[in-house]
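**Student:** One structure, as structure tokens, below. Some questions next.
The values are calculated or read from the model by the stated rules, or taken from the named source; none is laboratory data. These figures come from a predicted structure and were not determined experimentally. Counting neighbours? That spans all protein chains shown, and the Cβs are built from the backbone with ideal geometry, glycine included. With ligands, DNA and RNA removed, areas are computed over all heavy atoms of the protein, side chains included. Shrake-Rupley method; radii C 1.70, N 1.55, O 1.52, S 1.80 Å.
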There are 2 protein chains.
Amino acid sequence: MDMKEIAMLLKDHGIKPSHHRMKIYEYLVTHRNHPNVDMVYQELIQEIPTLSKTTLYNTLNLFLNKGLVQLITIAENEMHYDADVSMHGHFMCKECKKIYDIWFEDNDIVLPDLKDFAVDESHIYFRGTCLACLNKQLQD
Amino acid sequence: MDMKEIAMLLKDHGIKPSHHRMKIYEYLVTHRNHPNVDMVYQELIQEIPTLSKTTLYNTLNLFLNKGLVQLITIAENEMHYDADVSMHGHFMCKECKKIYDIWFEDNDIVLPDLKDFAVDESHIYFRGTCLACLNKQLQD
DNA sequence: AACAAATTTGTAATGATTACAATTAATTTA
DNA sequence: TAAATTAATTGTAATCATTACAAATTTGTT
């Protein structure tokens, strides 16, 4: 996804595509690693030495409000962000803290329609231990 | 659920049933309101004027580790707790912040078995607006 | 009662996030 | 094009949930 496409995507979501905003979205869409704020910051500060964390928070909240990214509240002490807003689940390894995408077969999961609620977001979270960390534990 | 039953339940989970611990669990099991730490504190401090928030945090973490309660990470800035550890979903209203239980019909939801992951916990979260808040909005 | 172990407490530290006012950059108007 | 207006970005300080830690209290044991 090149910068021209990113600019158009932001515009389509009612977001003026400033340089900072484009770089932040570019980070999310190329890494796809469900980063927390600091992961984005540590990477972008090298290209944009003046970048402020407040700008990051402002921008990510703007993206959230415009529906450009989704918020992942699977961790206990910090937010994570996902540029993929399509319906899929997330698994967090309690050992390495890594967050994995969980893709479902088409009919694997059908969430029920909720009466008495206007639902904006649906999330499916799993916690446990990932294969890499299970193997590491066997070596001890 | 009386105190004798609570004491037995704690013991069955390897937790020595001190008075504080029993009162904290009693709060969770009788209110069933998915409280945050402060909600428990504000109620119990009236009966136990010496209660410390550190004790609350310690106790809730102990309950979590022993599998007596489950952690709800649906809110963006604080943890919520649920004494009902059976599989059910949660809906959080963005307006009033209230958390509702979502019960599924038996075959309504079948979460897939994940290869390459040892899953300890599965959570289904919804966010949106509850009926009470939708009606309130119509009045304006 | 005396000792040891477990529980509870109070205070201070941590760390993610937000508030807010100042600065800088971009856009519009004259 | 320059001044004026608006929007975006920055830096610092505040907020607030949670944890660290050592002291005090309670409980259980010889």
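**Student:** Towards the positive end of the charge dipole of the range B:86-138, with charges on Cβ (+1 Lys, Arg; -1 Asp, Glu), say which of B:W103, B:S122, B:L134 has the farthest Cα.
**Tutor:** Positive-end residue among those listed: B:L134.
**Student:** Tell me, what is the 1.4 Å probe accessible area of A:I48, in Å² to the nearest 10?
**Tutor:** Rounded to the nearest 10, the figure is 10 Å².
**Student:** Follow-up question, since we're still on this one. Inside 10 Å of the C-beta atoms of A:113-121, what's the mean count of C-beta atoms belonging to other chains?
**Tutor:** Mean partner shielding for this stretch: 6.
**Student:** Could I ask something else about it? Which of rounded, prolate, oblate describes chain A, given a ≥ b ≥ c as roots of the alpha-carbon gyration tensor eigenvalues and a/c under 1.5 marking rounded, otherwise prolate only if a/b is larger than b/c?
**Tutor:** oblate
**Student:** Quick one: which of A:K11/B:K115; A:K53/A:K97; A:K115/B:K23; A:K98/B:K11; B:K4/B:K136; B:K53/B:K115 span more than 32 angstrom between C-alpha atoms?
**Tutor:** From A:K11/B:K115; A:K53/A:K97; A:K115/B:K23; A:K98/B:K11; B:K4/B:K136; B:K53/B:K115, over 32 Å: A:K11/B:K115; A:K115/B:K23; A:K98/B:K11; B:K4/B:K136; B:K53/B:K115.
**Student:** Could you pull out every one of the aspartates and glutamates with an alpha carbon less than 15 Å from that of A:K94, ignoring same-chain neighbours closer than 8 positions?
**Tutor:** A:E76, A:E78, B:D116, B:D120, B:E121
**Student:** Can you pull out the trypsin sites (Lys or Arg not before Pro) in the range B:13-86 whose DSSP state is coil and whose Cβ has at most 15 other Cβ atoms within 10 Å?
**Tutor:** Answer in residue order: B:R32, B:K66.
**Student:** Give me the log10 of I(q) over I(0) for the range B:86-138 at q = 0.15 Å⁻¹, as the Debye formula computes it from C-alpha points; what are the numbers?
**Tutor:** -0.56
**Student:** Taking the Cα centre of chain A as origin, sum charge times position over the Cβ atoms of Lys and Arg (+1) and Asp and Glu (-1), and report the length of that vector in debye to the nearest 20.
**Tutor:** The calculation lands at about 520 debye.
**Student:** Report, as an integer, the average count of C-beta atoms from other chains found within 10 Å of each Cβ along B:95-103.
**Tutor:** Partner-chain Cβ atoms within 10 Å, mean over residues of B:95-103: 1.
**Student:** Chymotrypsin sites (Phe, Trp or Tyr not before Pro), restricted to the range B:10-103: which are DSSP loop and have at most 12 other Cβ atoms within 10 Å?
**Tutor:** B:W103
**Student:** Jot down the per residue volume, in cubic angstrom and as a whole number, of the convex hull over the alpha-carbon atoms of the protein assembly as shown.
**Tutor:** Hull volume over Cα atoms, normalised by residue count, gives 201 Å³.
**Student:** Pairs of alpha-carbon atoms within less than 8 angstrom and 6+ residues apart define the contacts here; what relative contact order does chain B have, in percent?
**Tutor:** Details: 146 pairs, mean separation 26.4, N = 140.
Value for chain B: 19 percent.
**Student:** Mind listing the Cα extents of the range A:70-110 along all three principal axes, in Å, largest one first?
**Tutor:** Principal extents (Cα only, largest first): 32, 21, 14 Å.
**Student:** Using every alpha carbon pair in the range B:23-102, what percent of pairs falls into each 5 Å bin from 0 up to the bin containing the largest distance?
**Tutor:** Using 5 Å bins, I get a P(r) of 3, 14, 29, 25, 18, 9, 2, 0 for the range B:23-102.
**Student:** About its Cα centre, what dipole magnitude does the range B:3-72 give when the only charges are +1 on Lys and Arg Cβ and -1 on Asp and Glu Cβ, stated in debye to the nearest 20?
**Tutor:** Working: 8 positive and 6 negative charges, 46 e Å.
Taking the Cα centre of the range B:3-72 as origin, the dipole is about 220 debye.
**Student:** In chain A, once you exclude exposed GluC sites (Glu not before Pro) (DSSP loop, at most 16 other Cβ within 10 angstrom), what's the longest stretch remaining?
**Tutor:** A:1-75
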